[in-house]
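Structure record follows, encoded as structure tokens.
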Amino acid sequence: MNRVLLCLLLQWSMVNSQCSMIRAQSDRVDIDEWQVMKVEAAKDPFANRNQFTINFVNYTKEEWHYPLPGAKVNSPFGGERHHGGTDLKTFAGDTTRAAFPGEVILSGPFYAYGNCVILRHANGLETLYSHHSRNLVKVGQWLQPGDPVGLEGRTGRATGDHLHFETRVKGKAFDSSRIFDHEKGELRRQVFVVTKLKNGNLKFTAEKAK
Ligand SMILES: [Zn+2]
């Protein structure tokens, strides 16, 4: 009788602890399991291929946000000074916003970038926001498009208050105006193709939706 009771108790406690494990896991599932998995995959968006595509054609309002609404381009990507990003300007203290859903992988002072935030997105891109007077996010935090990232400032190597914004693939910056129409503050509706060339360089092309 005692053995049976002990057995039952043991089973009950095992079931219970399994339940709490499942509960702990499902808390994370509630956050958005597919997003966690996809952002993990975005560490290497090429996987075993030399190309990946992002279909921006059907992106809904919930899937993207312009990083600094109302901004003017102060200094574009590239040019003579090999500018690694796009400088966007509104007013000091304005809020910069997450471009796509994703995870904060860096938040803090970062050399000439000053107070800098890097997000890794499920679509395979990373976005970088810098010169903030203050960062509003922590590493590991999950952001939705439009969530506050930081406050426009001039920390690091900056001559005036602005957002230095970068779009990246695996840490390599490319011209953000390939995916954002900065004049309109809009996402370009296209199928965006990133190809890894034999020499390791990246090629960016756009296709019309099929
Ligand atoms: Zn800049």
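FYI, it's all coordinate maths here, none of it is from the lab. Model, not experiment: these values are computed from the prediction. Reconstructed Cβ throughout: ideal geometry from the backbone, glycine too, with neighbour counts over all protein chains shown.
Given the pairs Lys72/Lys203; Lys61/Lys138; Lys72/Lys138; Lys89/Lys208; Lys89/Lys172, which span a C-alpha to C-alpha distance of over 29 angstrom in this model?
Over 29 Å apart, Cα to Cα: Lys89/Lys208.
What FRET efficiency, computed as 1/(1 + (r/R0)^6) with R0 = 22 Å and r the Cβ-Cβ distance, is obtained for Gln141 and Ala41, rounded to the nearest 0.05?
Rounded to the nearest 0.05, the efficiency is 0.70.
I want to make sure I understand the PRE zone here: with the label point 7 angstrom from the Cα of Thr60 toward its beta carbon, which residues in the stretch 130-144 have backbone N atoms less than 17 Å away?
Answer for the stretch 130-144: 144.
One-quarter of the Cα convex hull surface for the stretch 53-207, in nm²?
Mean shadow area of the hull around the Cα atoms is 8.7 nm².
Work out how much length Phe110 to Arg154 would gain on full extension: take 0.36 nm times their residue separation and subtract the Cα-Cα distance, in nm to one decimal.
My answer for the length gained is 14.5 nm.
5 Å is the cut-off here: which amide hydrogens, built 1.01 Å from N in the peptide plane, fall below it relative to Leu106, excluding neighbours closer than 5 in sequence?
Ile118
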